[in-house]
Structure formats: C-alpha cells, structure tokens
1. Which of the residues that make up the range 65-83 are assigned to a strand (DSSP E or B), open to solvent by 10 Å² or more (accessible area, probe 1.4 Å) and not acidic (Asp, Glu)?
2. So which residues in the range 1-47 are over 14 Å from the mean Cα position of the chain (by Cα) and within 20 Å of residue 58 (Cα to Cα)?
3. Could you tell me which residue of the range 1-28 is nearest to residue 82 (Cα to Cα), considering only residues that are among the acidic types (Asp, Glu) and assigned to a helix (DSSP H, G or I)?
4. Only residues that are assigned to a loop (DSSP other than H, G, I, E, B) and farther than 11 Å from residue 80 by Cβ: list them for the range 29-51, please.
5. Go through (1) open to solvent by less than 50 Å² (accessible area, probe 1.4 Å); (2) at pLDDT below 85; (3) touching a Cys at 6+ places or on another chain (Cβ under 8 Å) for residue 54 and report which single condition fails.
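The values are calculated or read from the model by the stated rules, or taken from the named source; none is laboratory data. Worth saying up front: this structure is predicted, and the values here are computed from it rather than measured. Neighbour counts are summed over all protein chains in view; Cβ atoms, including those assigned to glycine, are modelled from backbone coordinates with ideal geometry. Just so you know, the surface numbers come from the protein's heavy atoms only, side chains and all, with ligands and any DNA or RNA stripped out. Shrake-Rupley method; radii C 1.70, N 1.55, O 1.52, S 1.80 Å.
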Amino acid sequence: MLRVAREHLNVLDPDLRDEPIHLRMLDGPPGAPRYAVYVGACRRDGDCPYGVEMITPCPVLNCELRNSLRLLLDREGNLVEVLQSGVRWTA
C-alpha cells in the first residue's frame, strides 16, 4: 500500500515525493476507506514563527508554511478523498 500511496503522491504533489509517508489502517463498514495516508513538509527558512522544531506532523493547525496531503484510500488503493494542507488529523 505504501507503493500505491507513493504513486498517488507523485501525481498529486511531486514536491512531497521524497517526504516520509505515514500510513494508518482504518476500521469501518464495508465500502468505507481502509487506509489514511499523511505526508507533509515544512517549507520555512530559519526559525519557526510558532516556536516548533522541525517535526512531522506539525502540531500547528492551519500553518501557512506546511505543505501536506492527506489521502483516504479504499481496500484496492483507489483514492476516496484528498485533503491538501490546512486540515490536520489527530491521533
């Protein structure tokens, strides 16, 4: 599934292609998404204006410096939904 997620990422946002992928399996009823994928990167130069060290995922909600994608995939690896930057899922 990581290979499939990387393929989607290469099409959706090539700037993130070398960033680490965070993959989570999901529970749910039949037909619901089975995988959640997060990939993101901070595009800042110098110190963070929010005082955050360089970590992924960034804890700042709606950070204008973060470039990120969240993908929901079905059992076969098809895209169900794509969210770009701005919205952060919590663990």
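1. Answer for the range 65-83, where residues must be assigned to a strand (DSSP E or B), open to solvent by 10 Å² or more (accessible area, probe 1.4 Å) and not acidic (Asp, Glu): 66, 67, 72, 79, 80, 82, 83.
2. Listed by number, the residues that qualify are 43, 44, 45, 46, 47.
3. Residues of the range 1-28 that are among the acidic types (Asp, Glu), as a first pass: 7, 13, 15, 18-19, 27.
From what's left, assigned to a helix (DSSP H, G or I): 7, 15.
On the way: 7: 14, 15: 16 Å.
Filtering first and then ranking leaves 7.
4. Selection gives 29, 30, 43, 44, 45, 46, 47, 48, 49, 50, 51.
5. The failed condition is (1).
Conditions tested, residue by residue: (1) modelled with pLDDT under 90; (2) basic (Lys, Arg).
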site: 21; (1), (2): no, no
site: 25; (1), (2): no, no
site: 35; (1), (2): no, no
site: 41; (1), (2): yes, no
site: 45; (1), (2): yes, no
site: 65; (1), (2): yes, no
site: 70; (1), (2): no, yes
site: 79; (1), (2): no, no
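Table: residues versus (1) under 13 Å from residue 76 (Cα atoms); (2) open to solvent by less than 90 Å² (accessible area, probe 1.4 Å).
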position	(1), (2)
4	yes, yes
11	no, no
16	no, yes
20	no, yes
23	no, yes
27	no, no
32	yes, yes
39	no, yes
42	no, yes
